[in-house]
Amino acid sequence: MLELKNISVILSKGTINEKKVFDDFSLTINDGDFVTIIGSNGAGKSSLFNVICGNVSTVSGSIILNGKDITMLPDHKRARMIGRLFQDPNSGTAPDMTIEENLFLASGRGHWMSGITKADRDYFKEQLSTLGMGLEDKLNRPVKLLSGGQRQAVTLLMATMSKPSLLLLDEHTAALDPKTADVVLEMTNNIVTKNNITCLMITHNMQSALDYGNRTLMMQDGKIIFDTCGQERSELTINDLLTKFKENSGKEFVSDKMLLS
């Protein structure tokens, strides 16, 4: 379970660029939740992830992950519990290293200097085969030579091999072509649901926000203005979401990235 309790965040505090991003913000994510997050530009979606990961410090409030207060825990220690994928497929991997070397580093199956064993390779092949991209036969290929979709798939596998307490997907298909994005989304759904991983996914595709996961949050100005799950969510359409946004924010939805289908 993830709990954010009365979080306040101020960026560039004490400068001319000072900006309050969150003010007494609270949110609870239950174990096994797969939550999609939508919102207009500057709504605070990625800032929320930065707060959870420890990349941005809080002024007040607390962050509890699986019963442990991680508010003061540095980002590199949180990374042991929290997996994160970014929009850029080039993030999250070591490009000059091979697929198997990247997986070995991410798997925690031994110390780097101990070397990769046959058992390791068999395990990596087994995991890669679940992606359906033929990467199990390309263990020695440098990651930089992979396509964007292949690289994002490997990054997804790396982030979930040692089941994280929380997985954050920050527009992780936005830089891919529509066909590849659909493949990676299905792959994501399979991995998250099969392993019962608690997951938050920011998306600019409203249909994907309704098609995947079990709960959808709508954000605006650092606040959650709409939170839906269950039957209510299953009956929503894209037009319903746009209406909900206007009803709860008093504004028309504006995003330079939003895909309506």
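Summary of values
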| quantity | calculated |
| --- | --- |
| 14 Å beta-carbon shell around Lys5, net charge (K/R +1, D/E -1) | -3 |
| In Hz, Karplus ³J(HN,Hα) per residue of segment 155-166 (6.51, -1.76, 1.60; θ = phi - 60°; x = Gly, Pro) | 4, 4, 5, 4, 6, 10, 4, 9, 2, x, 5, 8 |
| Relative packing of peptides 71-82, 41-52 - highest average C-beta neighbours within 10 Å first | 41-52, 71-82 |
| Table column - 3J(HN,Hα) (Hz), segment 9-24, Karplus curve with 6.51, -1.76, 1.60, x for Gly and Pro | 9, 10, 8, 6, 4, x, 10, 5, 9, 4, 9, 8, 8, 10, 9, 6 |
| Within segment 91-162: Cβ-based charge dipole about Cα centre, in debye rounded to nearest 20 (Lys, Arg +1; Asp, Glu -1) | 100 debye |
| Fewest-first sequence of Cys199, Cys53 by Cβ atoms within 10 Å of each Cβ | Cys53, Cys199 |
| Rg over Rh, two decimals, the chain (C-alpha only, Kirkwood Rh) | 0.98 |
| Charge tally in the Cβ shell below 14 Å around Glu235, where Lys, Arg are +1 and Asp, Glu are -1, Glu235 excluded | -1 |
| Alpha carbon centroid spacing (whole Å) that separates segment 84-101 from segment 189-243 | 26 Å |
| Fewest-first sequence of Ser234, Ser57 by Cβ atoms within 10 Å of each Cβ | Ser234, Ser57 |
| Charge sum, other residues only, whose C-beta stays under 12 Å from Asp24's C-beta, Lys/Arg counted +1 and Asp/Glu -1 | +2 |
| Whether segment 92-167 is rounded, prolate or oblate, judged on the alpha carbon gyration tensor where a/c under 1.5 counts as rounded | rounded |
| Filter on Lys19/Lys45; Lys13/Lys77; Lys5/Lys223; Lys5/Lys68 - keep pairs with C-alpha separation over 19 Å | Lys13/Lys77 |
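FYI, it's all coordinate maths here, none of it is from the lab. Please read all numbers here as calculations on a predicted model, not as lab measurements. Because the Cβ atoms are built from the backbone with ideal geometry, glycine has one as well, and the counts that use them run over all protein chains shown.
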